[in-house]
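Only one structure is covered here, and it is reproduced in the block below.
The values are calculated or read from the model by the stated rules, or taken from the named source; none is laboratory data. Just so it is clear, the model here is predicted, and its values are computed rather than measured. Note that we place each Cβ from the backbone using ideal geometry, even for glycine, and neighbour counts take in every protein chain shown.
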Amino acid sequence: MMNKTYLSLAGLYVCALVATANAVPMGYGVAVDQNLYLIDLGGGTATLIGSTGHTFEGVALSDGGVLYGTDLFGRLFEISTTDASTTLIGDPGLGNMEGLDFNNGMLLASDFLTFPSIYQLSLTDATPTQVFTSTVQTGVIRSMATQSDNVMLVRVDGVGNQSENFLNAVNIDTDTVTPIGDLGDYWTAGMDFADDGNLYGLSDEGVITMIDPATGSSTVVGDTGDQFWLDFTAIPEPTTLVILLAGAGCLAIRRR
């Protein structure tokens, strides 16, 4: 009886440790050198995966773990996260698209106009369907991150009194643009929300920042070196499945 009690307590202790463990936020990044990297967003380490053979301006990871990218000409590819090999899906015919992210299973991409539009791209043949058109001149969209079901955060080359590193909120349901604020000294080439709830930015100088989505202010949290990043996409925490399995194990131990 006592052995069973100790086993139960030990099992619950292990479950508690696993369930409270925080995974380091990670991302897949593409650089001007045409390589794909695995990036430690917390520490700044960039590990080479392989050469894509293309200059990718935007990347986005699906809920199913499939990585997609748009190249310098706006063509859509699937990118292997194992060896960086690519498969052409199609050409939307919209030219360069640097903002790319998933929203409710839809792959959204922004065109490269000063009155920008956002399109849903078909994952089968890259056919575009327009979902937003700006009625105000914002400057071109350089990077894009999903904040909610109807709001996309976009980093633009601002116009008027805005800086060339400015953050806006785009409501794709109402076609409205809300200015947020200047992103600071580091040119934000890519940004995305990680599973820790924070918005991270990656610059053309290798600097990793944490961005306040309410004000646009940014704080340096890491540095990958002198890498000229073009975009990155956050990876869901690998511990999610482990925690779920640990939870099931805890229930089993309690039943014993």
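Descriptive notes on the structure:
- The set of residues in the stretch 39-80 being within 20 Å of G222 (Cα to Cα), part of a strand (DSSP E or B) and touching a residue at least 40 places away in the same chain (Cβ under 8 Å) consists of I39, D40, A46.
- So N198, is it closer than 24 Å to T70 by Cα, at pLDDT 95 or above and surrounded by fewer than 19 Cβ atoms within 10 Å (Cβ to Cβ): no
- Residue match in the stretch 148-156 (condition: in the same structural domain as G105 (by TED's automatic domain parsing), among the acidic types (D, E) and surrounded by 18 or more Cβ atoms within 10 Å (Cβ to Cβ)): no
- Entry remark, the stretch 149-171: residues being more than 15 Å from G139 (Cα to Cα) and within 18 Å of the chain's Cα centre (by Cα) number 4 in total.
- Selection status of M106, in contact with a strand residue (DSSP E or B) (Cβ under 6 Å, 6 or more places away or on another chain), surrounded by 23 or more Cβ atoms within 10 Å (Cβ to Cβ) and under 16 Å from A60 (Cβ atoms): no
- Verdict on V170 being in contact with a Leu (Cβ under 8 Å, 6 or more places away or on another chain), buried (at least 20 other Cβ atoms within 10 Å of the Cβ) and of a type in the set (A, V, I, L, M): yes
- Filtered residue count, the stretch 134-169, keeping only those that are farther than 22 Å from S218 by Cα and modelled with pLDDT of 95 or more: 2
- Filter pass, T138 being more than 22 Å from T114 (Cβ to Cβ), in the same structural domain as L107 (by TED's automatic domain parsing) and surrounded by 19 or more Cβ atoms within 10 Å (Cβ to Cβ): no
- Scan of the stretch 21-46 for residues that are among the aliphatic types (A, V, I, L, M) and within 12 Å of the chain's Cα centre (by Cα), ordered by number: M26, V30, I39, L41
- Among the candidates E237, E205, the residue that is over 22 Å from G139 (Cβ atoms), of a type in the set (D, E) and at pLDDT below 95 is uniquely E237.
- Within the stretch 207-217, the set of residues being touching a residue at least 40 places away in the same chain (Cβ under 8 Å) and over 14 Å from R155 (Cα atoms) comprises just one member, I208.
- Check on D192, of a type in the set (D, E, K, R) and at pLDDT 95 or above: yes
- Counting only strands (runs of 3 or more DSSP E) that sit wholly inside the stretch 110-151, those with at least 2 residues that are under 20 Å from F56 (Cβ atoms) are 117-121, 141-146.
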